[in-house]
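Pasting a structure here, questions to come.
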Amino acid sequence: MTDPVPQAQGELAERIRAEIRAHGPMPFATFMARALYTPDLGYYTGPREKIGTGGDFFTSLDVHPAFGQLIGAQLIEMADRLPDGPFTVVEMGAGKGLLAHDVLRTVQAARPDLFARLTYAIVDVSPDLIARQKQVLAGFAAHTRWYADLEQVPRVTGVFLSNELLDSLPHHQVVMTADGLREVFVEVRGDGFGEVLREPSDVRLNRVFERLGITLPEGYRTEVNLAAEEWARQVSERLSIGYVLTIDYGYPADVYYRSDRRTGTFLCYHRHKVSEDPYSRVGEQDMTAHVDFSSVARAGEDAGLEVEGFTDQAHFLVGMGITRLMERVLARDGGDPENSAEFQAMRKLMDPHGMGKAFKVLVQRKQVPAGGLSGVRFKAFDVSDLLGTTPR
Ligand SMILES: C[S@@+](CC[C@H](N)C(=O)[O-])C[C@H]1O[C@@H](n2cnc3c(N)ncnc32)[C@H](O)[C@@H]1O
């Protein structure tokens, strides 16, 4: 398929080539997992600075602390709808620990009674980010805990929280051909990598589209994030009573797999530059794809999570009261939006041409009555936009 990419050098690339030479071409999802998670050499498991000015990308947490503060306010509302007793927030993929910090600070200030029974647990794969999280959260040592994976998290009453986790999970790449759906496998070509199409390595790759009622046109290439569906099942297993609050860029399936989006959403980030080439800088660039929220919601439903709401980041933040914070900052800074860096930063979180619309917020609930959450009261979508009317 693609031409050889000779610049894929480095120890990690060589190790992956050795694995392919020994075992044959590997599914793209396996290549991506090796590039992100190989101990010491992978993008997330290596020491490279990843998030922020000196890294490869920014997230909402880098933009303004109002983001974490308002998520904290949403978690308080959620806690108030749950039985009294220990309240646990499990954040998976906590980056530099800023969301955890802003949430803990918000709950501590607004609700000391809840703070007293709050545990904030983090699940992450990145040793250097975990070290950073521990530094940032040193002042909350009595309320924080780390787990190496979801399996180790005890069943909790509380909330599973993530921001920009699902987009970074290794996904499969597929292409619709005249002979049916084929999967992209990675092979060695010269001293680089190339791609070949094969029968899907996992029957679920075909089932995803059957279940969504979507027929891909010939020549269409896209991603399938089976790991995100597996994640929804695992989260539901670990949640006794409570909510799942998931923020990421993505779409409902009918938008994601629209017939004109013929090359998928896969992108790499290196030093704030975007590329579509996964085979250079192996282990030195982030690799992501948008999230098909319909499949995540359906996997959750199968596992006992009901959809409470689905909206975009701007509607979520307005629902949580960001405009009051913006007015306060503007008044403090003299009233001219152009002269208030903080006002501009908050506006960026809501940008209808950027973060405000690209990022979506999915709230699922388990064993909790519906309603009562400010973050999803202004709807950018109906739940039917997410779950559709096709057979489940
Ligand atoms: C794109 S960063 C987002 C960080 C943070 N949530 C933020 O918004 O700034 C992805 C985070 O997920 C973690 N991560 C990636 N894959 C993971 C996995 N399979 N399990 C747990 N954490 C993972 C990374 O180490 C990193 O902390």
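Bear in mind these aren't lab numbers, they're just calculated from the coordinates by the rules spelled out. Note that this is a predicted model, so its numbers are computed, not measured. Backbone-built Cβ (ideal geometry, glycine too); neighbour counts: all protein chains shown.
If each of Arg15 and Asp333 carries a label point 7 Å out from its Cα toward its Cβ, how far apart are those two points in nm?
4.5 nm
How big is D, in µm² s⁻¹, for the chain by Stokes-Einstein at 37 °C and 0.692 mPa s if Rh is the Kirkwood radius over C-alpha pairs?
Answer from the Stokes-Einstein relation: 150 µm²/s.
Please list 273-280, 220-227 highest first by mean number of surrounding beta-carbon atoms within 10 Å per residue.
Final packing ranking: 220-227, 273-280.
Helix 226-238 versus the longest principal axis of the chain: what angle, 0 to 90°, nearest 10, using Cα atoms?
For 226-238 against the chain, the angle is about 40 degrees.
Can you give me the Cα centroid spacing of segment 249-284 and segment 323-392 in angstrom?
Using only Cα atoms, the two centres lie 24 Å from each other.
Can you give the local net charge around Tyr243? Use residues other than it whose beta-carbon is closer than 14 angstrom to its beta-carbon, Lys and Arg +1, Asp and Glu -1.
Numbers: positive: Arg81, Arg238, Arg365, Lys366; negative: Glu77, Asp80, Glu91, Glu306, Glu308.
Net local charge, Tyr243 excluded: -1.
Which part of segment 227-265 falls in the paramagnetic zone of Asp149, meaning amide N under 20 Å from the point 7 Å along Cα-to-beta-carbon?
227-239, by backbone N distance to the label point.
Follow-up question, since we're still on this one. Output wanted: per-residue J couplings in Hz (rounded whole) for segment 271-281, from phi through Karplus 6.51 cos²θ - 1.76 cosθ + 1.60, θ = phi - 60°, x for Gly and Pro.
With the stated coefficients, segment 271-281 comes to 6, 6, 10, 9, 9, 10, 10, x, 9, 10, 6 Hz.
What does the charge count near Arg34 come to, summing +1 for each Lys or Arg and -1 for each Asp or Glu among other residues with Cβ under 11 Å from its Cβ?
+1
Continuing with this model, one more query. Using 1/(1 + (r/R0)^6) with R0 = 30 angstrom and r between the beta carbons of Asp80 and Thr263, what's the FRET efficiency to the nearest 0.05?
Working: r = 45 Å, r/R0 = 1.50.
According to the calculation, E is roughly 0.10.
Any chance you could give the angle, 0 to 90 degrees and rounded to 10, that helix 322-332 forms with the longest Cα principal axis of the chain?
Here the helix axis deviates by roughly 60 degrees.
On to the next question. Once R0 is set to 30 Å, what does the formula 1/(1 + (r/R0)^6) return for the Cβ-Cβ distance between Arg204 and Leu114, expressed as a FRET efficiency to the nearest 0.05?
After rounding, the FRET efficiency stands at 0.15.
A further question follows. Multiply the residue separation of Ser374 and Lys134 by 0.36 nm, subtract the distance between their alpha-carbon atoms, and state the gained length in nm to one decimal.
Fully extending the segment from Ser374 to Lys134 adds 83.3 nm.
Order 289-300, 326-337, 229-240 from most to least packed using the mean count of other Cβ atoms within 10 Å.
Numbers: 289-300: 24.7, 326-337: 13.0, 229-240: 19.3.
For the peptides 289-300, 326-337, 229-240, the packing ranking is 289-300, 229-240, 326-337.
Still on this model: Taking H placed 1.01 Å from N in the peptide plane, check which residues at least 5 places from Glu187 or on another chain put their amide H under 5 Å from its amide H.
Amide H to amide H, under 5 Å and 5 or more residues apart or across chains, Glu187 pairs with Gly194, Glu195, Val196.
Full-extension gain between Lys273 and Thr323, please, as 0.36 nm times their residue separation minus the C-alpha to C-alpha distance.
Values: separation 50, 0.36 × 50 = 18.00 nm, distance 3.17 nm.
Computed gain between Lys273 and Thr323 is 14.8 nm.
Let me have the 222 nm mean residue ellipticity of the chain computed from DSSP H runs of 4+ only, each contributing -39500 (n - 2.57), with the sum over all residues rounded to the nearest 500.
Helices in the chain give a 222 nm mean residue ellipticity of -10000 deg cm²/dmol.
Same structure, new question: For the chain, find the longest principal axis of its Cα atoms and tell me its angle to the long axis of helix 28-37, 0 to 90°, nearest 10.
Result, in degrees: 50.
Whose amide H sits under 5 Å from the amide H of Val361, counting only residues 5 or more places off or on another chain, with H placed in the peptide plane?
Thr311, Asp312, Gln313
Under 8 Å for C-alpha pairs, at least 6 residues apart: give me the relative contact order for the chain, rounded to a whole percent.
Across the chain, relative contact order equals 21 percent.
Within the set of other residues whose C-beta is less than 14 Å from the C-beta of Ala142, count the net charge using Lys and Arg as +1 and Asp and Glu as -1.
Spelling it out: positives minus negatives among the neighbours equals +3.
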